[in-house]
Amino acid sequence: MVTDVLADIWDKVLRHLQRRHSEQWRNWFEQVEPISLENGCLRIGVSDVSYLQYLKQECNESLREAAQQITGHLVTLEYELTDQDQLEQVLGGDVGLQVENCFYFSPDYTFDNFVVGPCNRLAHAACVAISESPGHAYNPLFIHGSVGLGKTHLLQAACQSLMEQRREVRVTYLSCEQFVNHFIEAVERGKLHDFRYKYRYVDMIVIDDVQFLSERERSQEEFFHTFNTLYQARKQIVLSADCSPAEIPKLEDRLVSRFNQGLVARIDAPDYETRMAIIHKKAQLRGIDPPGEVISLIARKVESNTRELEGALTKVHGMAMLDEGEITLELARQALGEEPASPRHQVSISQIIDVVTKHYGVRLSDLQGRRRSRSIALPRQVCMYMARELTNHSLEEIGGHFGGRDHTTVMHACRTVDKSCDNDPQMRATVNSLMGNVTQV
Ligand code: ADP
Ligand code: MG
């Protein structure tokens, strides 16, 4: 049945993505469905608009590449929103949010995915409260804390939660930098009226990183009036910054006092237990389940901020993917210990050729020649595979190094090696050790 074939292809595409781009992988990918594959166009059905945007913005290239590898054909991707309610809202243009053109909410940034600990309890509770009754609980709500501690996550979670509960509300979320840029543009184009309408007629405005107002006098003035209009209309205002209102350099006193007039909540760096819980949560989202000892190793090693915790997890996971896919304490130690040279940036194709020709006892001219006997074809394919794995060269560029072969040949080579590694542990061991040798050079 065609649908079985499609399901099978899709399954392989997802596995491929998970292996090669583990940092993009999310646990909800299992809910994404292939609709059809016709004339080189793969249609993908997604139930939620934020999922759709995530796939489009974060994963499009890797998905397309994976689909091409698996099918051996050029593939374009199209995404379809399958939820009828959301589709009508999007088409009707009355989705409850006005987001800036290229902006979208991260599906990761929900309350469910936010770990609450002593460091962020107040900020979290306040965000939940305003998402339940905007304009009534705390106004304005001002959240501050240094970089990477979850301000943007909480702000977006509040927006998404409010919009889920009340589809009709108008929410504007933007960074302060966008606000300032729009303002400047509006002034230049004589469109202040439009600008004011856009920002003053909303139910909730959320402005991230307001420290950007520092030293920008005219923007502060405009911001002040926007603030007052919304405040008087009892609309919810939510702000974040990397320091408290009084600590923002060169911020007018009247703004400082406005910002202080509701609730000011600080987020601190997470303690050890919270860090453990965050890593666990992030691992779940990425569809992996590292052993507890690895989680606690990361939590011990990375104390600074949450973004770096994630980075460490990605590093460990990425390294495991190069091997058998098992995340062990040994491997995590290695990944987090001495920074190994990042293979993706440092390995060149000639290093790969060096290692491979030595191992198989062939010459470079053999690899570049036309011979197809297995004794030559195999090392050639292994080279292409390794170049694909370890360098940033395109398929075409890789083909160019091996006697001007085209990208489909390279794709075929990668698939063949991938498959034999799957079926033959010996082959996998060989390829892994060759890759290890190259990255050590
Ligand atoms: P900020 O805006 O404060 O610089 P972000 O909101 O961008 O920080 O957070 C950085 C990363 O850390 C994001 O991936 C976010 O999901 C994660 N993060 C921060 N705090 C938490 C938390 N308490 N629970 C889960 N993830 C968190
Ligand atoms: Mg932020």
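The values are calculated or read from the model by the stated rules, or taken from the named source; none is laboratory data. Note that the structure is predicted; figures quoted are calculated from it, not measured. Heads up, the Cβs are rebuilt from the backbone with ideal geometry, glycines too, and the neighbour counts pull from every protein chain shown. All accessible areas refer to the heavy atoms of the entire protein, side chains included, with ligands and DNA or RNA removed. Shrake-Rupley method; radii C 1.70, N 1.55, O 1.52, S 1.80 Å.
Rolling a 1.4 Å probe over the protein chains gives Ser257 an accessible area of about 60 Å². With r as the distance between the Cβ atoms of Ser365 and Asp8 and R0 = 41 Å, compute the FRET efficiency 1/(1 + (r/R0)^6) and round to 0.05. The value I calculate is 0.55.
The gain in end-to-end length when the Gln57 to Asp194 segment is fully stretched comes to 46.5 nm, 0.36 nm per residue minus the alpha carbon separation. Take Arg15: with every protein chain present and a 1.4 Å probe, its accessible area is about 90 Å².
Extending 7 Å from the Cα toward the beta-carbon at both Thr328 and Ala429 defines two label points whose distance is 1.4 nm. With r as the distance between the Cβ atoms of Asn392 and Asn228 and R0 = 51 Å, compute the FRET efficiency 1/(1 + (r/R0)^6) and round to 0.05. Once the sixth-power term is evaluated, E becomes 0.50.
Considering only alpha-carbon pairs that sit under 8 angstrom and 6 or more positions apart, the relative contact order computed for the chain is 14 percent. Using all pairs of distinct alpha-carbon atoms, the Kirkwood hydrodynamic radius of segment 1-73 works out to 12.4 angstrom.
Probe radius 1.4 Å, ligands and nucleic acids left out: which of Asp11, Asp85 has the largest accessible area, and how do the rest follow?
Sorted by accessible area, descending: Asp85, Asp11.
With viscosity set to 0.692 mPa s and temperature to 37 °C, compute the Stokes-Einstein D of segment 349-440, Rh being the Kirkwood radius across alpha carbon pairs; µm²/s, no decimals. Roughly 256 µm²/s, to the nearest whole number. Between the Cα long axis of helix 121-132 and the first principal axis of the chain there is an angle of about 70°, rounded to the nearest 10.
Once each part is reduced to its C-alpha centroid, what is the distance from segment 121-194 to segment 226-297 in angstrom? About 12 Å separates the Cα centre of segment 121-194 from the one of segment 226-297. Ligands, DNA and RNA left out, the accessible area of the chain computed with a 1.4 Å probe is 48% carbon and sulfur.
With R₀ set to 35 Å, the beta-carbon distance separating Ala269 from Glu132 gives a calculated FRET efficiency near 0.80. Charged neighbours of Ser394, selected by a Cβ distance under 12 Å, balance to -4 (K, R count +1; D, E count -1). Taking Cβ atoms as reference points and 9 Å as the exclusive limit, the residues near Ala66 contribute a net charge of +3, counting Lys and Arg as +1 and Asp and Glu as -1.
Divided by 2.2 N^0.38 Å, where N counts the residues, the Cα radius of gyration of segment 356-397 comes to 1.14. Round to the nearest 10 and give me the degree value, 0 to 90, for the angle of helix 151-165's Cα axis relative to the longest principal axis of the chain. Helix 151-165 sits roughly 80 degrees off the main axis of the chain.
Sequence-distant contacts, meaning Cα pairs under 8 Å at least 6 residues apart, place the relative contact order of segment 121-266 at 38 percent. Across segment 272-335, Cα pairs under 8 Å and at least six residues apart give a relative contact order of 34 percent. Taken per residue, the accessible surface of the chain reaches 49 Å², heavy atoms only and a 1.4 Å probe.
The stretch between Arg64 and Asp289 holds 78.3 nm of extra length on full extension. This uses 0.36 nm per residue minus the Cα-Cα distance. A Cα-only calculation for the chain places Rg and Dmax at 25.8, 80 Å.
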